[in-house]
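What follows is a single structure, written as C-alpha cells, with notes after it.
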Amino acid sequence: MADRGCPLEAVPLPTEVRESLAELELELSEGDITQKGYEKKRAKLLARYIPLIQGVDLSLQAENRTTGPSQTAAAVPKQAKSRPTNSRDERFRSDVHTEAVQAALAKYKERKMPMPSKRRSALVHSSVDTYTPPDTSSASEDEGSLRRPGRLTSTPLQSHPSVEPWLDRVIQGSSTSSSASSTSSHPGGRPATVPSTAAALTGLAAHAHIDLHSAPPDVTTGLGEHPHCERPQVASVRGIPRGCGRSILETADGVPVNSRVSSKIQQLLNTLKRPKRPPLKEFFVDDFEELLEVQQPDPNQPKPEGSQMVMLKGEPLAVGIPWPPSLLVALQQWGTTQPKAPCLTALDTTGKAIYTLTYGKLWSRSLKLAYTLLNKLTSKNEPLLKPGDRVALVFPNSDPVMFMVAFYGCLLAELIPVPIEVPLTRKDAGSQQVGFLLGSCGVALALTTDACQKGLPKAQTGEVVTFKGWPPLTWLVVDGKHLAKPPKDWHPPAQDAEDGTAYIEYKTSKEGSTVGITVSHASLLAQCRALTQTCGYSEAETLTNVLDFKRDAGLWHGVLTSVMNRMHVISIPYALMKVNPLSWIQKVCAYKARAALVKSRDMHWSLLAQRGQRDISLSSLRMLIVADGANPWSISSCDAFLNVFQSRGLRPEVICPCATSPEALTVALRRPPDLGGPPPRKAVLSMSGLSYGVIRVDTEEKLAVLTVQDVGQVMPGANVCVVKVEGTPYLCKTDEVGEICVNSSATGTAYYGLLGITKNVFETVPLTAGGTPVCDRPFTRTGLLGFIGPDSLVFIVGKLDGLMAVGARRHSADDVVATALAVEPMKFVYRGRIAVFSVTVLHDDRIVLVAEQRPDASEEDSFQWMSRVLQAIDSIHQVGVYCLALVPANTLPKAPLGGIHISETKQRFLEGTLHPCNVLMCPHTCVTNLPKPRQKQPEVGPASMIVGNLVAGKRLAQASGRELAHLEDSDQARKFLFLADVLQWRAHTTPDHPLFLLLNAKGTVTSTATCVQLHKKAERVAAALMERGRLSIGDHVALVYPPGVDLIATFYGCLYCGCVPVTVRPPHPQNLATTLPTVKMIVEVSKSACVLTTQAIMRLLKSKEAAAAVDIRTWPTILDTDDIPKKKVASIFRPPSPDVLAYLDFSVSTTGILAGVKMSHAATSALCRSIKLQCELYPSRQIAICLDPYCGLGFALWCLCSVYSGHQSVLVPPLELESNVSLWLSAVSQYKARVTFCSYSVMEMCTKGLGTQTGALRMRGVNLSCVRTCMVVAEERPRITLTQSFSKLFKDLGLSARAVSTTFGCRVNVAICLQGTAGPDPTTVYVDMRALRHDRVRLVERGSPHSLPLMESGKILPGVKVIIAHTETKGPLGDSHLGEIWVSSPHNATGYYTVYGEEALHADHFSARLSFGDTQTIWARTGYLGFLRRTELTDASGERHDALYVVGSLDETLELRGMRYHPIDIETSVIRAHRSIAECAVFTWTNLLVVVVELEGLEQDALDLVALVTNVVLEEHYLVVGVVVIVDPGVIPINSRGEKQRMHLRDGFLADQLDPIYVAYNM
C-alpha cells in the first residue's frame, strides 16, 4: 500500500482500536447506526492517532515514503482518489478491485447526467419489513455471500518469474494483499470529492427561473395552461415548410430554454453527444430492408495461443479397501452393530442441541417408514406406491433428522425421493416451476413433519391447499406416531439396483425453469467413495455442516457419505447462522470437529462477528471445505478468514475450496498436503481477456483484473476436459476458458423426463481439433467455466448460467456484481443484495442490474450511486449497462436460503412487476447494432418515374367518385345553389316537415325544428343582426352555441342577412383558463364583427373568471339570441355569384395549428349534393348524428345536409354521452336510422362503457339491425382495432359486421371519402411497417412480422378526383405507391382564411399542379400520406374499384434516423407493452423521441413501464427512446374528434406543466 500513499500507514493502530473500528463498520453495514453516528464514533476512536500525521501535507507524506521521483508521480494522483472512508473492512473486498473502481470513477468526475424527476407521492415506497435480522443475499442464485467481497489479489506477479505468467503460487501461510491490519483505511475522513453531479443538477433545477410567459394558449380541451395569454395570435395554418417544427404556437422556440425540462433535455443531449463507442462499421443495406448490424469481431481481440489441452485423469479409486457394497448395507451394518453411535445432531436457533439421532434409531425409523409407505397407504384398495415411484420430501431447513429418516426410508422402500423446499403462502419465487417438476415426475405423495404440515396453508376442508401449478398431493407426516411397526419377518425390498435412480435433485436454470437431475444408486455409491477417499473421512469423525442438507454438497457430505463412514454430523440451521454467525465455529470448537462444510458467506459473517471472542480454537479442523470455492469472490473470504483465525489455531492448508455442479456432483476439491494435494495457487486474470474467453494478464490494465483460487484436483476415478462453450464441443487450448466436462461413474445421469437436453448435457463427446473423440465414454457438462492450471489444478472463473453474451464478448454476472458492490456499498446497497442478468433486446443480450437500496437512501444518493456504477462497469468491463433499477429493501424475490432468485427477478422485470423506485436506462450506449440511418438518395425525377411505372406496367394512381354530370338531379342542383334559397323553398312547400330533433341525456326530444320554424327563427336572427348589431353585408359573425337547434337557426340567420358565420365551440365553464383563449383567438383571427350566443354564455364571456383568462374588454359586440323580437327582414340577401364566401370553418389541427378555411356557396351546395347522392338521403329518411357541430364534416352534417336533402336529422350531442353512454345507440334503434355518424371518441366511449351491458341493452329493446352504414367521421388513418371491437361487441344487438366504416376529410376538403349505402364493402390490406418508414408500400400477408393493417377510408364521393403525388418532386405516382393525397372536387375549400398574408406559404395547398403528366388540372394538397390500390371488387358503374388508404398526416410524422415514422405506430406498440398503459403519445424534441404514457394503476408501479416502453420501441421500430414521461390518466389532450393533440402535449411537457409521476431520461 505504500505506493498508494495512504496517510495512515505510518501509524500502526493498536489491535483493540482496530477491533472496535471493525465492530463499528459492522454496525454501520447492518444498518444499526446511522452514517453520522458512525463517523462521530470513529473520529473519537482515532482522535489520539490523528494529530501525529495531520500537520504534514498529504502529498509530501506520500513523497517521503516513496523512493525516487518516478514513483512520486504515480503516488500523488492516486492519493487524491483514494477510497472514501466507508470503503468497509478491507479484509473481504479485493483491494485491487475497489481501487480499480475508484480510479475509474475519478476519470468520470466531470460527467453530468440529467437526474430523473419524480413526483413526491411516488417516493413513499414502503420497504417490506425493513429491519430484519442480517439477511444473506447476493447476486448468485444460491444463497451467495452477503457482500460480494471483491477479489483479493496476491503478492505481485513479478516475484515468481519461474511460474507460468498468468499464475502465481502462494507462499504457504503468508497473508494476502491487504491483511487485516489495514482495516481503517482513512481515519482522516473522506478525501475531498467533487460535489456530486446529482447535487449540481437538482440545484440547477431548483434555481432555474422557470419562465412561462410565452407558452401558447391551449387550442384544445384539457391541459391546464396559464391565465395571462393575450398576445395577438396568428392564425397560421399548417406547418411552415414541413418538418421545421415551428408552428404559430412557437412550439420549438416559444418555450423558454431555462424551463426545467428543457435544461434536462439539453443535458441529456450533451451526454449523448460525447463519442461513446467506436463509430459503427459500414455495412450493406438492401434497398428495401433495414438490416440490424451484425457485430464484426474486433481484429485486435486476444486469441488463444496455447497448445490443445489434454484430458486430465484423476487418481484411480482406491482398491483393496473393504467398501460396503451399498449405502443401505452400510446403514444396516452401523444400525445393528453400532446402534448407540451418534449419526446426526440437530440444533435449535439458540444453538442448543435439541436431538441426536443414533445409527440404531435411523435404521429402525427408516424401516418403519419404508414399511408404512409400501403397506399402509392405499388408494381405491390398490397400494398407493409401487417401487420406483417418486415421492416429494418437504422438510424445513431446521429439521435434518426427519429429513434423513425420510430419505433413507424412501431408499429402503425402493422409492425415489425428490427433496424440495417448503412452499409458503406467498407466491414463492419459482414455486410454480417446482410444481411443474413434481407434476412431470408424477409425484402423488409428499412426506413432511408434523410442525411443517401444520404451518402449510390449508383449504376450507382442512386439507393442505394445492399450490399454484402443483399436482394434487397426498401429505404424509413421518413423525413416529404416524408410522406402523413392521412385522419381525418383513425385510425391505431394496437391493440397490445399480442403474436404478436413487434420488432426484432439483435445479433452477437461468431461465427459471426447474429440472430434476436423476442420480443413480451406482453414482451415489461412487460419489460417497470418491468423497471418502478425497477428504480422507474415517469412522466416527465429526463434521459440522452449515449447508442445505437437501441438495448439493450438504446432501452428499452431510447425509450420504457420512453414513457410509459412520460419521457424526452437527447440522447448523440457517436460522441459527442468521442469529449467531459464529455458531459454526463454536460448534467446531465444542465438538472438536475434524471437518467443516461451509460457504464463503459463512466465513465472511463469522469474520464480522468474531470480535471479542477470545476462547475459540479451530485447531481440531483438518479440512474446512468451502462449497462455493468456485465462485470468483470466495478467494477474498478464504484469505480474510485465514488472516484472522490463523491466530486461533487454523492451519492454512486446512482451507479446501471445491467446485460442484448439480449435473456432475463434485467436480474438484482441494486436498490438504497430507492427503497428497499440491500447494494452492492463485491466478490474476485480465478481465478484458476473460470477456473474450482468453486467459491473460495485461500489464497495462492492472486494475481490471479478476483473482481466482484453484479448487484443487479432479476427483478420484474421473476424467476432466475443457470444451468450447458454444457449438461443437471441441477441446479448448491451454490458455482458453471453456466449459468443464467430467466423465466418471459418480455424475448425475439425466434430467428427469427431458431426453433432448439430457443428451446434450449428460452425453457430450468432446472432440480434438482433428474431430476425433477424446475418449470412448461420454462426458457430463458441469455448467462451470474455467481452465486447467499447473499441477493439474482446476480453476473456475464463472458459471455458464451467469454468462451474458454482449456483442462478441461474454461477461460474468458475478463479476459485474462485484464491481457494483465496490461502489460505496455500505452507504447504499441494502445487505449487498444485487442481481445482474441479461435480457434479449434487438437480438443481443443487454445487461440489467437490479439492487435493493437501503431504506434511508435519498433520491440524490440513488441517482449518484447509479451513475457511478454505470461508470465503474463501463471502465472495468468495457460494457454498457442497459438498465439499472433500484427496488426498496427486502422486495426482490428470495431463493430458499435467502439469496436473490435471479430468474424470478428477471421474469418480474420483463413482466413489469418488479416495482422499482428508481430506474436508469442507457440504451444509447448499449445498443450499437441499430441499422444505419437512412441516407436520402438523390430523387429520381418525376418523368423517369412515370416512364418507370409504364415500363413496369403500373397504372398511375388516380381514382374518382361517380361523375356528377350523369346523375339525375342536375336541374335540382342548379336550383339548389344557395342553401338560404333551399330553406325558404322548403318552408314554403313542406312547412311542417320536421328537419331536426335534438335529444338530451335522457333520450327525450328537447327541441325540434320544422322547415318553417327554422326559416322564421333565421329571419328573426337576421333582423336582430341588422338592427342591433348594425352589421353590413360580408361581416363575419362568431356563433358561440352549445350543440342544438339555435346554432343551426343563427347560421341560416347569418346567410339571410349576407353575413359570414363562423361556428365556435363555447368555452367550458369549469375550465375557462384553457378553453376561453381558443374562443378569443378564433373570434379575433376570423375578424368577427359580432358574437352571437346565449344569455348564459354571454354572462360567462364577460365574467370575472373570464377576465383572468383573456382581456374581456376587447370582445366585439356580443348579442344574445334568447329573447329576440319577432321581426321579419325586409329582404333576404341573395349572393351575387356562387363563388361568394358562405361561411368560415375553423379547426385546430392535431399539430396544434388553428386553420380557418373559406367555403363558398358553390362548394357548400356541392358538398351537400355529394353527400346526398352517396348516402341516398331523401326527405323520408332519418339519420342519427352524434358529432360535434363546429367544423369539418361534423358541421356539414349537423347544419347543412338536412336543409339541402330534406331528411330528418336526430341530433345527439356527444357531451350527453358522458352521463348516458347508451344514448346514441338507443336513439339509432328508436328512430330506426339507416345511416348514422359518430366520432372515434364516441365509439370509444361506447366500446369501453357498454362492454358489459349488451345484454341489458337487448332487454331494453335496443336493436341495431336497421343500420345500413355507421360512419366514423375522421381526419386520420382508420383505427381498425376500435372499429372491429365495436362491430364485434354490438353484433349481439343486430349490428351487421359490414356496417361500420370510416370517412376521410381534411382542411382542404372536408369530405373526400364516405362509405355511403351502396358500393363494395371497405377492404383491408396489410403493409410492411418497415417499408412505410422508407415511404414505400409493401403488401404482406396478414400476421406476418411487422405487418400493419390498413382499412380503406370509405368510398370516394361523387365528383371527387384523387391522385397520389410524390411529396418532393410533385410528380404522379403509380398504383400502390406511397405519396401525398391530392384532391380535386367542386366542394374543395377555396383557400385558407388568414390575417397576415401568409397565403403565399400555403397557396399551393389549394392550387397545386403536377410537375409532369397532367399539368393542367388544379389540385388541392391534403397534407396526408396514402396510396391508391385497384381491388378485385367492382363499383356501381361496373368498373374495378379503386380503394384509397390513408396512412397519416405529413405534419405529424416524425423524421428520425432519416426515416419517416407515424406516431400512431409507435404508440400502438407502447400501449401493448403493459396492461397499466391506458394511453400513449409520442413526439420529438431536438431529435430525441419522447414517449408520454398514461398510467392506469398505482403510482409506485410507474417505473416498471420505463424499461418495457424502451424495449418495445427498440424491438419493433429500431428507435431509441430519449425520454419516458409517465403521467396520470387524462393528461394527453384529445380533441373533439378523438385525436391526440401531440403538439400541445409537447408544449406542456417543455413548460413543465404535466405534473408527471416520473420522467426518465434514457442515457
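The values are calculated or read from the model by the stated rules, or taken from the named source; none is laboratory data. For clarity, every value in this text was computed on a predicted model and none was experimentally measured. When we count neighbours, we look across all protein chains shown, and the Cβ atoms used for this are built from the backbone with ideal geometry, even at glycine. For the accessible areas, the whole protein counts, side chains as well, though only heavy atoms, and no ligand, DNA or RNA atoms are used. Shrake-Rupley method; radii C 1.70, N 1.55, O 1.52, S 1.80 Å.
Quick notes
- Residue in segment 689-705 that is nearest to Asp791 (Cα to Cα), counting only those that are open to solvent by less than 20 Å² (accessible area, probe 1.4 Å) and modelled with pLDDT of 85 or more: Ile695
- Matching residues in segment 470-496 - criterion: being over 16 Å from Ala370 (Cα atoms) and either in contact (Cβ under 8 Å) with a residue 60 or more places away in the chain or open to solvent by less than 50 Å² (accessible area, probe 1.4 Å) (or both): Trp470, Pro471, Leu473, Thr474
- For segment 647-664, a residue qualifies if it is modelled with pLDDT of 90 or more, touching a Leu at 6+ places or on another chain (Cβ under 9 Å) and assigned to a helix (DSSP H, G or I), and the qualifying residues are Pro652, Val654.
- Residues (over 16 Å from Pro1529 (Cβ atoms) and either at pLDDT 95 or above or assigned to a strand (DSSP E or B) (or both)) located in segment 1470-1490: Val1482, Phe1483, Thr1484, Trp1485, Leu1488, Leu1489, Val1490
- Residues that are of a type outside the set (Lys, Arg), open to solvent by less than 50 Å² (accessible area, probe 1.4 Å) and touching a Pro at 6+ places or on another chain (Cβ under 9 Å) occur at least once in segment 1108-1119.
- Segment 1143-1182, subset closer than 20 Å to Phe1237 by Cα and basic (Lys, Arg), residue nearest to the chain's Cα centre (by Cα): Lys1172
- Single unsatisfied condition, Glu852 versus (1) charged (D, E, K, R); (2) under 30 Å from Cys732 (Cα atoms); (3) within 21 Å of the chain's Cα centre (by Cα): (2)
- Residues that are in contact (Cβ under 8 Å) with a residue 60 or more places away in the chain and closer than 16 Å to Gln709 by Cβ within segment 657-669 comprise Cys658, Ala659, Thr660, Val667, Ala668, Leu669, listed in sequence order.
- Within segment 579-632, the set of residues being surrounded by fewer than 24 Cβ atoms within 10 Å (Cβ to Cβ), more than 23 Å from Ala540 (Cβ to Cβ) and of a type in the set (Lys, Arg) comprises Arg611, Arg614.
- Candidates are the residues of segment 444-487 that are outside any loop (DSSP other than H, G, I, E, B) and among the polar types (S, T, N, Q); the one that is modelled with the highest pLDDT is Thr448.
- Residue that is nearest to the chain's Cα centre (by Cα), among those in segment 1034-1047 that are aliphatic (A, V, I, L, M) and farther than 21 Å from Pro1138 by Cα: Val1040
- Filter result (modelled with pLDDT of 90 or more and open to solvent by 10 Å² or more (accessible area, probe 1.4 Å)) within segment 1424-1447: Tyr1424, Arg1429
- Given (1) more than 24 Å from Val879 (Cα to Cα); (2) touching a Phe, Trp or Tyr at 6+ places or on another chain (Cβ under 9 Å), number of the condition Met804 does not satisfy: (1)
- Segment 435-493, subset more than 42 Å from the chain's Cα centre (by Cα) and charged (D, E, K, R), residue farthest from Trp363 (Cα to Cα): Asp450
Let's see how each residue does on (1) in contact with a strand residue (DSSP E or B) (Cβ under 7 Å, 6 or more places away or on another chain); (2) assigned to a loop (DSSP other than H, G, I, E, B):
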residue	(1), (2)
Leu373	no, no
Lys386	no, yes
Leu393	yes, no
Asn397	no, yes
Val401	yes, no
Ala406	yes, no
Gly409	no, no
Val418	yes, no
Leu424	no, yes
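- Residue check, Ser1385 closer than 27 Å to Asp1328 by Cβ and either modelled with pLDDT under 90 or in contact with a Gly (Cβ under 8 Å, 6 or more places away or on another chain) (or both): no
- Scanning segment 1166-1186 for residues that are open to solvent by less than 10 Å² (accessible area, probe 1.4 Å) and either under 15 Å from Val1062 (Cα atoms) or in contact with a Leu (Cβ under 8 Å, 6 or more places away or on another chain) (or both) yields Leu1167, Cys1168, Ser1170, Ile1171, Cys1175, Ile1183, Ile1185, Cys1186.
Conditions tested, residue by residue: (1) touching a residue at least 40 places away in the same chain (Cβ under 8 Å); (2) surrounded by 22 or more Cβ atoms within 10 Å (Cβ to Cβ).
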site: Ser1265; (1), (2): no, no
site: Val1272; (1), (2): no, yes
site: Ile1280; (1), (2): yes, no
site: Ser1287; (1), (2): no, no
site: Leu1293; (1), (2): yes, no
site: Ser1296; (1), (2): no, no
site: Ala1299; (1), (2): no, yes
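- Residue list for segment 680-700, filter: farther than 18 Å from Ser636 by Cα and not hydrophobic (A, V, I, L, M, F, W, C): Ser688, Gly689, Ser691, Tyr692, Gly693, Arg696, Asp698, Thr699, Glu700
- Pairs are defined by a Cβ separation below 9 Å, a sequence spacing of at least 6 or placement on different chains, a first member in segment 1204-1222 that is open to solvent by less than 10 Å² (accessible area, probe 1.4 Å), and a second member that is assigned to a strand (DSSP E or B) and polar (S, T, N, Q); the pairs so defined are His1207/Gln1182; Ser1209/Gln1182; Val1210/Gln1182; Val1210/Thr1236.
- Among the residues of segment 643-661, some residue qualifies, meaning at least one is open to solvent by less than 10 Å² (accessible area, probe 1.4 Å) and polar (S, T, N, Q).
- All conditions in (1) touching a Ser or Thr at 6+ places or on another chain (Cβ under 9 Å); (2) more than 30 Å from Ser838 (Cβ to Cβ); (3) charged (D, E, K, R) hold for Lys454, with the sole exception of (1).
- Within segment 974-1009, the set of residues being of a type in the set (Gly, Ala, Ser) and either more than 55 Å from the chain's Cα centre (by Cα) or assigned to a strand (DSSP E or B) (or both) comprises Ala980, Ala987, Ser1007, Ala1009.
- Screening Phe909 with (1) at pLDDT below 90; (2) buried (at least 21 other Cβ atoms within 10 Å of the Cβ) gives one miss only, at (1).
- Candidates Leu800, Leu754 - the one that is more than 30 Å from the chain's Cα centre (by Cα) and surrounded by fewer than 24 Cβ atoms within 10 Å (Cβ to Cβ): Leu754
- Considering residues of segment 826-865 that are closer than 28 Å to Glu293 by Cβ and free of Cβ contacts under 8 Å to residues at least 60 places away in the same chain only, the residue most open to solvent (accessible area, probe 1.4 Å): Thr840
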